[in-house]
Each structure stands twice: as C-alpha cells, then as structure tokens.
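These notes concern the structure reproduced below.
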There are 2 protein chains.
Amino acid sequence: MRAVIPFDARSPNQRLSAVLDSDERRAFAIAMLRDILDTMEPTRFDPQVIATATLPDSVSVPHTIDDRSLDAVITAEIEANAPLAVVMADLPLLTPDTLARLRNTTSDVVLAPGRGGGTNAMMVRDAAFETDYHGASIRDHREIARERGLSVGELDSFRLGTDVDEPADLLDVLLHSNGRSAEWLEAAGFRLTESAGRPTVTRAGDSD
Amino acid sequence: MRAVIPFDARSPNQRLSAVLDSDERRAFAIAMLRDILDTMEPTRFDPQVIATATLPDSVSVPHTIDDRSLDAVITAEIEANAPLAVVMADLPLLTPDTLARLRNTTSDVVLAPGRGGGTNAMMVRDAAFETDYHGASIRDHREIARERGLSVGELDSFRLGTDVDEPADLLDVLLHSNGRSAEWLEAAGFRLTESAGRPTVTRAGDSD
C-alpha cells in the first residue's frame, strides 16, 4: 500500500522559530521524516516522500520533487494511485501499531484528526476524493467525502493526532518517543523539567 | 465495571479564565461532566463521580464527596475497588467506542496519555498500583507500574487525549463533539472562524 508523505523542504517548522534557528528546524524536520520512514519499515506501507524541493545529498532519503500546492500534489496522487495513505511528516510519535490500525480500516475515506482542526493522516480508497488542507481541514475533508457519497471513518489516535509544530509539542516528543526526533532534541539540549508542578521543556543554556 | 470520575467542584477550568468567568467555567465544567456520563450510559461502565465539594441541587448528578487530594482519593479507590477505570471529567470528545477500546485492553495498568504529559484515563486491574498525578504523570504512572511488576499498556486515543483546559482546546470541542459541552459553547457565542488560513475560536462580542 502506497503511503504518500509530503515534505516541506524549504522552510519547515516555522512555528518552532522561538526555540530553533532555521538550520536546526530543517535538521529536526529531517529527523521527524526519518522517524516516519523507520516506522513504516516493518509495515505493509510503501513510503513515497514528495518534497517541495530537492533534499541535500547528505540526506539520503529517496524522494520525488513537486512544488505544486499540497492539495494539488495529494489530489493528483489520489486520482492516479488510490487506494493510498497520506501521512504528514511531523508525526514523530507514530508507531507501527498505529499505522496497522489505519491500514485495517474499511471506509472509503478514513481521517486521523490532529489537534486544532488539522488532518494528520488519511486512508483514501476511492479516487473521487480530493483534499483541502486549508483551514479546519478535518471538517472540510468530512464534507468533501460526504458530498461525493463516500463513507467516512475516523482513526482515533493520540499518536497520529500529535503533530509537532509548536514549542509545547516538544514535550510530547520527549515523553512518547525514543526515535530520532527525540534523540535529536536531547542532543540539542532539550530536557523535560517541571515548573510549578507542570511539566515543560527547557533547553540547556536557556536563561529562563 | 466501576469508572471513577474525579470532579473539581470548587474552581474548575482555571486556565479558561481568559475566555470564561468563574460562573461560566463552573457551568462549562458541569456540561463536560454530563458529556462523560452520557457517553458511559450505553457502555458497561458504572460511573462514580467523586467531587471535591457538594454540587448545587440544580446539578442533578449523583456524586460522593471527598476533599482529599486527587492521588489519595484515586489510590484508595484502586485499593478498595480494582479493577476499575479512572476517567477525567474534562474529556468532552469521548465516545462509547473509545471507552470500549479502553475496556477491551488486558494489561494490569492501561494509560491514556493527554497532551503535555497528563494521564487522562486509565484502567487499573491490580490493587498494587497507585497514582501520582503531579507533573508529567504519564511517565510517573508507567514507572510506578513497572516498579510493582505490573504490565503496562497504552490506549492510543485522540479523543481520550484531548483534555480541555486552555482556550485553544475549545476549537477541538466544536470540531469533534456535538454533545452538551459543544452546545454550551455555541449558546455562549463561541464560533469556529479562520484567521490567516488557520482555524480559531472567537466569541460573539469579542473585539478581536
């Protein structure tokens, strides 16, 4: 089963700019992408990374390049290759078990919601579906599927629901993953600490 | 199967104070509690609400009162009544299906993580377990179980993982629930809107 992983090779993880500079954001994004690929390794998914630009040679991840919009890329993939999965590249908590749950669904379209209205992963079994990742995409994707008479399922997963795009999300990576992203954060000095009884993440050398 | 639902009757949802006043926070907390009870209705769980103080007569929810710390209350429950579930009161996205998944686990202790290190629900099948909700509780609960030789499972659920304690969480309630909490928010003027292509929640009458 094909699993498309769209990857922003130009300016990934912009909302982490308060805690990571642009080189670090790119390196961390690659660590998260490798985690997804590692997770797919023992599964029956065949990952296809589609990047917005060529990745540096040092990043030995097979990928194709397509600089169209995310919706144009994914909708063309669905048209040509459904059934397939679409899995975002910033989901370092993902496990083979969670991917197996996604695979073992039966609806025409199965959506895995992310916090804040996003669609972090989907299984699309009917080429009539198309995507609209703008705004509250989970709602729009449900509507598009229903308009086209497709059955809609939900994959209720904390691990698929946890996309990493804000500094607070790094806490979840340290707590729930021991993959490359967590290793990268630890090597960069990020640690789980507690402040007034609440867990938080601090970076060695931070003054606060 | 007993399901203990601890409820803060005094000052619930403090972190929503930027968008709800104290009467509203109490009313919204009761709406969320009722959603949990409604969700348990068709399941094999027998809900036991344990509140920190008496609820007003107008709130016709059966409950017992125990003003000890959360850990003291839950650990005493486990000792006396395991096997049981513990389900937090601020999980309005919960569905009977998700509760059935929790029920159908087999490990001695099954933990449902929340974002930011919390433990939003658990199944405890061995009276040797005790809780420590302070700080990064999901990590501490894993460790306590292992120290006592208990098997540990994880319930990977977006719906159990989404506890509502910050204003941004209201968006997930509006998008993923049609229960009493969502109705309450809508009646109070909260709406899903978009700002620069990102979904957000605004309240009728808000100036920004």
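Taken together, the values in this text are just the output of simple stated rules run on the coordinates, not laboratory data. Please read all numbers here as calculations on a predicted model, not as lab measurements. No Cβ is skipped: glycine too gets one built from the backbone with ideal geometry, and neighbour counts run over all protein chains shown.
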DSSP beta bridges in the protein assembly as shown: the antiparallel percent, rounded to 5, is 50 percent
Given backbone amide H placed at 1.01 Å from N, residues whose amide H is under 5 Å from that of residue B:4, ignoring those fewer than 5 places away on the same chain, are B:48, B:85, B:86, B:87
Helix A:22-40: inclination vs chain A longest Cα principal axis, degrees, rounded to 10, gives 50 degrees
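Mind checking Rg over Rh on the protein assembly as shown, alpha carbons, Kirkwood formula for Rh?
For the protein assembly as shown, the value is 0.96.
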Expected max-MSF residue from B:103, B:191, B:68 in the GNM of chain B (alpha carbon, under 10 Å) is B:68
With only helices counted (DSSP H, runs n ≥ 4, each -39500 (n - 2.57)), the per-residue ellipticity at 222 nm for chain B, to the nearest 500, works out to -10000 deg cm²/dmol
Percent antiparallel among DSSP beta bridges confined to chain A, rounded to 5, stands at 50 percent
If labels are modelled 7 Å from Cα along the Cβ direction, residue B:21 lies from its partners in the other copies at nm distances, smallest first, of 4.9
Taking only the alpha-carbon positions of chain B as identical scatterers, the Debye log10 I(q)/I(0) at q = 0.11, 0.12, 0.16, 0.18 Å⁻¹ comes out as -0.51, -0.61, -1.05, -1.30
Rounded to the nearest 10 degrees, the helix A:70-81 long axis (Cα) sits at an angle to the longest Cα principal axis of chain A of 50 degrees
If each part is reduced to its alpha-carbon centroid, the range A:33-51 and the range B:16-77 end up apart, in Å, by 43 Å
Rounded to whole angstrom, the alpha-carbon centroid of the range A:79-101 lies from that of the range A:163-181 at a distance of 18 Å
Given unit charges at Cβ for Lys, Arg (+) and Asp, Glu (-), the dipole magnitude of the range A:2-165 about its Cα centre in debye, nearest 20, is 320 debye
For the protein assembly as shown, the dipole about the Cα centre with charges only on Cβ (Lys and Arg +1, Asp and Glu -1), to the nearest 20 debye, works out at 600 debye
